[in-house]
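Where a number appears in this text, it was derived from the coordinates with a stated rule and is not lab data. Quick caveat: nothing in here was measured; it's all calculated off a predicted structure. Using ideal geometry, Cβ is built from the backbone for each residue, glycine included, and neighbour counts are taken over all protein chains shown.
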Amino acid sequence: MNFVKASLKHRQVTFTVLMLMFAFGVYSLITMPRRGRSRITVPGGLVVHITPEPMPSRFEDQVTRKLEEYLFQFERGCIRQRPIPVTSDGIVEIHIWLQDNVRKPDIFWNKLRHQLLVVKSVELPQGVIGPVVNSEFGDTESMIIGIEGDEADYVQMKDYLSKLEDRLRTIPAVFKTEKKQENRRNR
């Protein structure tokens, strides 16, 4: 049987099915849960540290080895594989991938940040910048707002930026704001 012929022959049935589908679509749209932020969890993170330029490469390797050994011992059941550091011009990146059984990765990353601060204060030499943990790969920027002014001084611009940020936070759809200041007059 031809579908088109049958739908033209039985118009009332076709119209009823179409209206039911439309009503179901409207109902789904109205009752659909909405979040201010979609939750995208990336099971990986990055630990970065920077050694100042005058440090010899053997010293840089010692710092990297200490961090690598520490990361390997930290929560063995959480990290998928042994972290492998990538070194380039004094910047060391250590990529970490979590196992699938980690139920609350935010707690793991917060613990790691805290423990690395302890390691830095006790075991790492002066002059090392970091280690910094970046685990927020799921965060995306949806809008960038820039302000500038020729006649306003730095204090006035900072005050205006704070007021703008306070007003943006009152909007329910805004989840997070972040300030990055740049002085273009010095360029």
In this structure, the FRET efficiency calculated for Phe24 and Gln81 from their beta-carbon separation, with R0 = 35 Å, to the nearest 0.05, is 0.15
Assuming 0.36 nm per residue, please report the length gained on full extension of the stretch Gln73 to Val119 beyond their Cα-Cα distance.
15.3 nm
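Which order do peptides 85-96, 154-165 fall in by mean Cβ count within 10 Å, highest first?
Values: 85-96: 15.2, 154-165: 12.1.
Top to bottom by mean Cβ count within 10 Å: 85-96, 154-165.
Run the numbers for Lys5 and Arg65: contour at 0.36 nm per residue of separation, minus the present Cα-Cα distance, in nm.
Once the chain is fully extended between Lys5 and Arg65, it gains 14.1 nm.
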